[in-house]
Each structure stands twice: as C-alpha cells, then as structure tokens.
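All remarks here apply to the structure that follows.
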Amino acid sequence: MKEILLNNLIEISEESFSRLEKFCDILLEKNKQFNLTAIREKEEVFEKHFADSLKGAKFFSEGQKILEVGSGGGFPSLPLKLNNPNLDFTLLEATGKKCAFLKEVKNEFDLDKIEVVNARAEEYANTSARESFDIVTARAVASLNVLCELCLPFLKVGGTAVFYKQKSESEFKEGKRAIELLGGKIVDVFEYTLHSAPESERVIIIIKKVKNTPEKYPREYKKIIKVPL
C-alpha cells in the first residue's frame, strides 16, 4: 500500500501509514453495513481516497480552524488528520449514520481537535459558525457554484476555501460569478493526476475570502439547486 502512495508522490511516516491502514480496514468493514464509498478494494481506497486527499496537505496548517462540508466517509479530512493529528477539524455531515461512523473513527484513534456536527450546511451557516473558520474544504460534494454558496459563508475574511474537484473548464467558468458574489477570489488552481488514472485530470481550487458574504446567502437548499448563482 505504501508503494501506491509513493507512486502518487506522497511520503508519510510509518506511524501515519499504520493509522491509514487501520482506517482503511474500518472503512471497508463499515461500508458493508451502509454506503460510505463506492470503492470496495483496499488498493483503490489508498489511491482514490487517501492519496487524493493527501495531495492537498500543503494547503492545511496547524493552528487554523478547518471546516469540512459534506464529510461523508471523511475525505479529505480523515487522511489529513491521521497524517497530522494536530490539525483542527470540524466535520459537517447531514446524514446521521455517516456522523456515527466519523465519531467511531475519532474514538478509535483517540483524536482530539476534531468535532462532528450533524447538520445541513445551509442551516449551520446561520449559527455562530458563520464566518468563523480559517479554512473550509469539500471533496466530491457539488458543482462549484453550488459548493461556493454552501461553503464560503463559513469563512472569515482572509480565510481560504480548498475544493477538490475533477477538472472542468465549463464548471470553472460557471463558478466564477458565484465566487465573486459570495466574497471570494480564486488565488490558485493546483492540477494533478493519480498514478493509476493519468488521463483523469484533477484540481484543487484555492479561493481567498476577500470580503464578507452577503447575509442572504446561503439560501434554502432547494433554491440553491433550482437557481444556482
């Protein structure tokens, strides 16, 4: 499994690797009970979930409050956290069973600086969580314009959004208006491929929060989907 990470230019300690192996076993076992991931093989988990998540490690720093929106099975948060336990994560997930899984992983590895919140993003944004985070991240959650409306309201001015996406020029263009409207500005686009799928181009989009998000956002989810920004 370590070779899979190395093939993707990911170098981690033996301790981190051991934690990832254990997490992989827990993930695949729990996946038999309810759907956490469509991936069923250990090798694929290591590349398509773990290596992919760790590709963005340089964008996450200790001492910053990080929110993950739509955590699901915990990507990119849990591989990042298991590699660097000092990262401070809040995992936001609307499905109760997935929250239970995330809490189980937290307890299994005795992780601190990690909180699991069972709520919808558009509702949680209307609490004290609004504009309180240094970093917000999401992976495989929604199209860029929808994702920005769900995520950017959580960022402090000066904070950063780190979005893992498949490369799509059309989606990128569609998202620009939403980014500006919600107070953001694209400052970097990190492009990469995974070793086993060099034809599949991936990106990590880095958005800086340059001004406050207007209070009317995010809207109700049905409106966000029906009429995206």
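Scanning the stretch 35-61 for residues that are open to solvent by 50 Å² or more (accessible area, probe 1.4 Å) and over 16 Å from the mean Cα position of the chain (by Cα) turns up 35, 38, 40, 41, 42, 43, 44.
When you look at residue 65, is it touching an Asp or Glu at 6+ places or on another chain (Cβ under 6 Å), modelled with pLDDT of 95 or more and not aromatic (Phe, Trp, Tyr), yes or no? When the stated conditions are applied, residue 65 passes them. All conditions but one from (1) basic (Lys, Arg); (2) in contact (Cβ under 8 Å) with a residue 12 or more places away in the chain; (3) closer than 21 Å to residue 83 by Cα apply to residue 106; the one that does not is (2).
The values are calculated or read from the model by the stated rules, or taken from the named source; none is laboratory data. These numbers come from a predicted model, not from an experiment. Using ideal geometry, Cβ is built from the backbone for each residue, glycine included, and neighbour counts are taken over all protein chains shown. Surface areas here come from the heavy atoms of the whole protein model, side chains and all, with no ligands, DNA or RNA. Shrake-Rupley method; radii C 1.70, N 1.55, O 1.52, S 1.80 Å.
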